[in-house]
Amino acid sequence: MGQPRQGRIVVANPNANIMHGRTLIPSLLGEYPAGRHWLCCAVLAHPEPRSGEKLWQQPQDFARIVDGLKDRFNSVLTKNQGE
């Protein structure tokens, strides 16, 4: 599905999150040619590993969600170009 991306974990600086002192931020790294691209990913975090695994087995319809976002973005983009 498009260009491959490499998963990375960014370790946040101390005190970046006052609720949780040790914060990890999931990220994706990839290279794309100049132009317009749609990027999406699914990230699931849960304090109970077994519960998280069960939730991951119930994926959402991301294609439908992305198509809806594209339609919304394109309508805003078209409106702004007319101004």
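Just so you know, all these numbers are worked out from the coordinates, no wet-lab data involved. Being a predicted model, the structure only gives us computed values, none of them experimental. Positions of Cβ are backbone-derived with ideal geometry, glycine not excepted, and every protein chain shown enters the neighbour counts.
Quick notes on this one:
- Filtered residues of region 14-38 (kept if among the aliphatic types (A, V, I, L, M) and part of a loop (DSSP other than H, G, I, E, B)): A16, I18, M19, A34
- Residue selected from region 1-35 under the condition under 17 Å from the mean Cα position of the chain (by Cα) and small (G, A, S), by the criterion surrounded by the most Cβ atoms within 10 Å (Cβ to Cβ): S27
- Residues that are within 11 Å of the chain's Cα centre (by Cα) and either part of a helix (DSSP H, G or I) or more than 21 Å from T23 (Cβ to Cβ) (or both), drawn from region 39-57: L39, C40
- Look at region 1-30: where a residue is under 20 Å from H46 (Cβ atoms) and free of Cβ contacts under 8 Å to residues at least 40 places away in the same chain and a partner is assigned to a loop (DSSP other than H, G, I, E, B) and among the β-branched types (V, I, T), sitting 6+ places away or on another chain with Cβ atoms under 6 Å, you get A12/T23; N17/T23; P26/V43.
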